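Working notes for the structure below.
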Amino acid sequence: NGSAPELVFAGLDPGASYTFRCFASHFFGSSDASDPLAATAVVSPPAPVIECLQPGDMQVVLRLTPMPSVVDARVGPITAVKCRRSSKPEMLVPVDTTGVAAVPLPNGESDSFLCVAESAAGLESWSEASPVVAAGVPVISTIGVVGGNAMTELELRQYVAEALGIPVDRVVIDTASSGTPGDSCMDLRTPQRRRLQTGGFQFQVQVLMPSRTDYAAVESVVQGINGLPTSASLSERLGGADIAIVQKPFLAAEEFLDNYLKFLEIRDADRSIVTMGPQFNPSVFDYEVFPEMVNLTVEAIARSPLASVAIEGAQSSGVFRVTKYLPEVQTVRVKVTAGSKVNQTYTISVRYVPRNCTEACEPNGECDRFTGTCACSDGFSGDACEVSCPGDPPCNGNGVCNVTSGSCDCVETFGGPGCTTRVCPKCGNGGVCNTESNTCDCNEPFFGVQCELRRCPNNCYNAGSCNETNGTCECYAGFSGPDCGEADASKVAASKAVRVQLIWGIRGYDRTDIVAPLYNDDFRPLDDATQAWILQVLTAARATAALKVREDFTTSFELMVPSDPPGPKLPEVVKRFFASPAALDFRGDVGTEGAAHDGRILYIRSTLIVNMLRYSSPRELQRLHGEWEDFLREQNTKAPLGAEVIMNSETWVSMALQLGIIDSTLRSLSTAVLLIVAVVFLFTRSLRLSLITLCVSILVMGSLMAFCSSIMKWEFGAIQAVGLTTFVGVSIDYTLHMSHGFQAVGAKTRREGAKGVIDRFGAPIALGGLTTMGASFFLVPCQLYLLHQLGVMMVLNTCFAQFYTFFFQTPLMMLGGPAKVEDAGVIERCRQRCRRGFFATRPRVVEHPPCGAGVDVPRFTAGECDM
């Protein structure tokens, strides 16, 4: 090789002397040989062999075959094995004792790799260059193949890269992987000779992404992998094999593989920390404790938000009771499972020192070595089990044995030494004892065993809680008065108010599945800054008057984090909060990967009550919605990375639906009105009749809308929109017939025309309305509300149309409808008045010159009239 600075001859006999000469040659001949050079062959150390490559985030891990422990004495011991990138000869990375070297490689860059073995004699040997691979965050999936042609891993790698449309150096194929991220290895030992089984096999594919935050590129690769089973080109290259996704693709970031704890504590019943030995370290997995109490709680938090924690030997909340004492040891195991499903266990050995009782418990009991007190047998009590009350069980189950006096303290209505005699209770507040039932007959409003409780007036109208001790009402927000019967006019009832949900951790919803949220991968709910920001947004919302947020309601997050953010302990706080009865009204406000609020926190939701009725007019709600959008837009400009907030409310959805219905209905009605004018004009050829018909139709539709909203109190919704746009054709039916009949009569005057159309068309129009109302009336008693409303609207529409047709349109046509004779008379009268000078200017006299004797010259006026 003319570019090589030196030549290496291999396969020579060690220790033998050789003479070397060099010469040059070309097409025309060769040169003379050089001067001879004598040299003795030496033994080189064995060259390293790269077994496999593991590309990963910002590095590529090389696994080498073990180097031989004994080599030729002339070589000397191997002192170092190093690896480097082919393009970076100066960047040598030592290989550790296990034969692994992690060579740095920026994400998105590709390169091949070499390794060298160095001996004590100063000799070295280089491995063969590896295939070119890229570094990056892997998207991992497991794929199954059945049937098809036999092939090698390298061929399969090429086929998959072509199907995905990406460079082959970004694809890693491994058919021997366990399916765990980090376990996949690109085998280089026999890649050309290993033939995959045609009967069926599984392989793990890794696509290396240059950036973990390029969500569009990651999503494109995920969709490409999911589409491999339907890829005709890949199936064809595999010989018609059947392809299936065994494990769905996922982005294997570092936190996906982390299965370590970052926090571990044990607390006793007084919430005091129990000392562990040794002190907690994430890399230490065995601990022991010597508690002084038997009720303990294990608190453990995983280092990765994608990992889950399970405590074996304790309840789901981490609470457990010591059941063994020395020399026996009780074991509690904390199992941490990474997002990759790989787990490891931390073990806690609980060594409890037994306690001695201060009193002798025998023969009526025995010493409880956990508490240091006597556990008495049935019928005995006291510090030394020395007290015995009559009855079996003591006091016959109707009282409690008094250890001090050795006698029974009986419950109400029982007396006697063994609490066996029925007695009347002491009835207070004027109550009288009923000797037959041994119960108190109480006077209103008192009740209870001794008439000691008092009912509240009107049961507080269900707008407050009753304090039965004194019979007073504690009213809910928005209500006041002795019986909570007075509503605060400045506040709407919470059950009828607008509810706005603020959500952190969700950036939107999948367009292909609107119920599938798209989580924000940058959301860090365990950071103090994120938790403080959520509290700040809630405080700012209450301080903004235009948002109308009620201050008398608290969100779930404010209950969990009232002041100081708990930071990494937030999962513990969440789990404890939702295990309490106070969380019944806040289900779903914190979303986690686990079903019982375990694992990574995905989102946090807070519901704010707005002081406006949720069924207010859509325009009012639209203005309020605009204020909320402006507020959130301003807040998101100041939010930490990943802590942007989005808004959700059923009221906004209903508002948008109503506004859409109103706008579409108005457009439809406008179109219908124009069609009415065109149709009537087409039938009558009269603009006046068209305008009269238009007025009647508008009156019918307006009356129907007013009646439904004002009298029936119906909200304008989809049913009303369908009814109006459908019934507009019915409402024009009668007025169209009336207009057409008015013209068809051909009367000389409007009055005769109106009389004629009533005589000829009145009965059919009226009977047509009656049949329509009769057919629609059967819908009115329907239990389906949609059919009921349509029936009522159809009957009302027919009534209004009939009324306005006979009692508005007919008189209007008598006053201003078209009539040929009357219209012609008006024109003739105008013409005659014009001839008489009604429209003329000042008259002028025209005199002709004298004609002859005895001839009268006429005088006349000529008006300046065009007629």
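The values are calculated or read from the model by the stated rules, or taken from the named source; none is laboratory data. All values derive from a computational prediction rather than experimental measurement. As a convention, Cβ positions derive from the backbone with ideal geometry for all residues, glycine included, and neighbour counts pool all protein chains shown. Side chains are part of the model used for accessible areas, which takes the heavy atoms of the whole protein and leaves out ligands, DNA and RNA. Shrake-Rupley method; radii C 1.70, N 1.55, O 1.52, S 1.80 Å.
If you check every pair at least six apart or on different chains, which have Cβ atoms under 7 Å apart with a residue in segment 739-752 that is within 22 Å of L682 (Cα to Cα) first and a residue that is at pLDDT 80 or above and open to solvent by 40 Å² or more (accessible area, probe 1.4 Å) second?
If the second residue must be at pLDDT 80 or above and open to solvent by 40 Å² or more (accessible area, probe 1.4 Å), the pairs left are G741/R760; G741/F761; V745/R760; R750/M814.
Report, by residue number, each residue of segment 338-358 that is under 46 Å from the mean Cα position of the chain (by Cα) and under 20 Å from T297 (Cα atoms).
Listed by number, the residues that qualify are T345, Y346, T347, I348, S349, V350, R351.
Applying the selection to segment 528-553, what residues are surrounded by fewer than 13 Cβ atoms within 10 Å (Cβ to Cβ) and either in contact with a His (Cβ under 8 Å, 6 or more places away or on another chain) or of a type in the set (S, T, Y) (or both)?
Passing the criteria: only T539.
Given the criterion without any contact (Cβ under 8 Å) to a residue 12 or more places away in the chain and farther than 30 Å from T469 by Cβ, identify the matching residue among G382, G416. Talk me through it step by step, then tell me what you get.
Numbers: G382 fails: without any contact (Cβ under 8 Å) to a residue 12 or more places away in the chain.
None of the other options fit; the residue is G416.
Of everything in segment 265-283, what is in a loop (DSSP other than H, G, I, E, B), open to solvent by 30 Å² or more (accessible area, probe 1.4 Å) and either touching a Pro at 6+ places or on another chain (Cβ under 6 Å) or of a type outside the set (V, I, T) (or both)? Give them in sequence order. Lay out the reasoning, then the answer.
Of segment 265-283, the ones in a loop (DSSP other than H, G, I, E, B) are 269-272, 274-275, 278-283.
From what is left, the residues that are open to solvent by 30 Å² or more (accessible area, probe 1.4 Å) are 269-272, 275, 278-283.
Matches in segment 265-283: A269, D270, R271, S272, P278, Q279, F280, N281, P282, S283.
Here is a check on your reading of the model: is C427 surrounded by 14 or more Cβ atoms within 10 Å (Cβ to Cβ), more than 30 Å from N458 (Cα to Cα) and either at pLDDT 80 or above or under 58 Å from the mean Cα position of the chain (by Cα) (or both)?
Against the criterion (surrounded by 14 or more Cβ atoms within 10 Å (Cβ to Cβ), more than 30 Å from N458 (Cα to Cα) and either at pLDDT 80 or above or under 58 Å from the mean Cα position of the chain (by Cα) (or both)), C427 does not qualify.
Does any residue of segment 443-459 turn out to be crowded, with 16+ Cβ neighbours inside 10 Å, part of a loop (DSSP other than H, G, I, E, B), modelled with pLDDT under 80 and not small (G, A, S)?
Among the residues of segment 443-459, not one is crowded, with 16+ Cβ neighbours inside 10 Å, part of a loop (DSSP other than H, G, I, E, B), modelled with pLDDT under 80 and not small (G, A, S), which makes the answer no.
Among the candidates L208, L228, L238, L234, single out the residue that is open to solvent by less than 30 Å² (accessible area, probe 1.4 Å) and closer than 14 Å to P138 by Cβ.
L208 is the lone residue from the list that is open to solvent by less than 30 Å² (accessible area, probe 1.4 Å) and closer than 14 Å to P138 by Cβ.
Hey, can you tell me all the residues within segment 312-336 that are open to solvent by 30 Å² or more (accessible area, probe 1.4 Å) and among the polar types (S, T, N, Q)?
Q315, S316, S317, T323, T331
Please list, ordered by first then second residue, the pairs with beta carbon atoms under 9 Å, 6 or more apart or interchain, first in segment 643-661 and closer than 18 Å to M705 by Cα, second modelled with pLDDT of 85 or more.
Close Cβ pairs (under 9 Å, with a partner that is modelled with pLDDT of 85 or more) amount to Q658/L621; L659/L621; L659/Q622.
So T637 passes all but one of these: (1) open to solvent by 50 Å² or more (accessible area, probe 1.4 Å); (2) hydroxyl-bearing (S, T, Y); (3) within 30 Å of K713 (Cβ to Cβ). Which condition number does it fail?
(3)
Among the residues in segment 53-73, are any assigned to a strand (DSSP E or B), open to solvent by 40 Å² or more (accessible area, probe 1.4 Å) and within 23 Å of V139 (Cα to Cα)?
Checking segment 53-73: at least one residue is assigned to a strand (DSSP E or B), open to solvent by 40 Å² or more (accessible area, probe 1.4 Å) and within 23 Å of V139 (Cα to Cα).
Here are some conditions: (1) open to solvent by 40 Å² or more (accessible area, probe 1.4 Å); (2) under 30 Å from Y352 (Cα atoms); (3) of a type outside the set (A, V, I, L, M, F, W, C). E412 meets all but one. Which one does it not meet?
For E412, the exception is condition (2).
Name every residue in segment 285-311 that is surrounded by fewer than 21 Cβ atoms within 10 Å (Cβ to Cβ) and farther than 19 Å from R600 by Cα, in order of residue number.
F285, D286, Y287, E288, V289, F290, P291, E292, M293, V294, N295, T297
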